[in-house]
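The values are calculated or read from the model by the stated rules, or taken from the named source; none is laboratory data. Just so you know, these numbers come straight off a predicted model, no measurement behind them. Cβ atoms come from the backbone with ideal geometry, glycine included; neighbour counts cover every protein chain shown.
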Amino acid sequence: MTQIILDPDLSSKLHQLGKVAELCDPSGNVLGKFVPLIDLSVWAPVGPEITEEELDQIEQEGDWVTSEEVREHLKQLGAE
């Protein structure tokens, strides 16, 4: 990946954004998008939590297929 070092002014502006922004040239042509990094450590996991018993029940009730069965089904769809 190519790395571009920003001048302090632009770097400061991007640090303060906190959201996605389009980067444009002086004519207004979009050059790309800036997506800031986020610190996931400040976010809590979203529930509801699933118990081992619930996982076991889902595993026993579900109609499971192997990856080979999925591939064969997809091949058949492509042949039609």
(request) Can you tell me which residue within segment 51-80, out of those that are assigned to a loop (DSSP other than H, G, I, E, B) and surrounded by fewer than 10 Cβ atoms within 10 Å (Cβ to Cβ), is modelled with the lowest pLDDT? (result) GLU80
(message) I'd like the full set of residues that are charged (D, E, K, R) and surrounded by fewer than 10 Cβ atoms within 10 Å (Cβ to Cβ), limited to segment 1-46.
(response) ASP7, ASP9, LYS19, ASP25, LYS33, ASP39
(message) I'd like to verify a number: residues in segment 8-50 that are in a loop (DSSP other than H, G, I, E, B) and among the hydroxyl-bearing types (Ser, Thr, Tyr), how many?
(response) 1
(request) Determine which member of the set PRO8, PRO45, PRO36, PRO26 is without any contact (Cβ under 8 Å) to a residue 40 or more places away in the chain, touching a helix residue (DSSP H, G or I) at 6+ places or on another chain (Cβ under 7 Å) and at negative phi. (result) PRO36
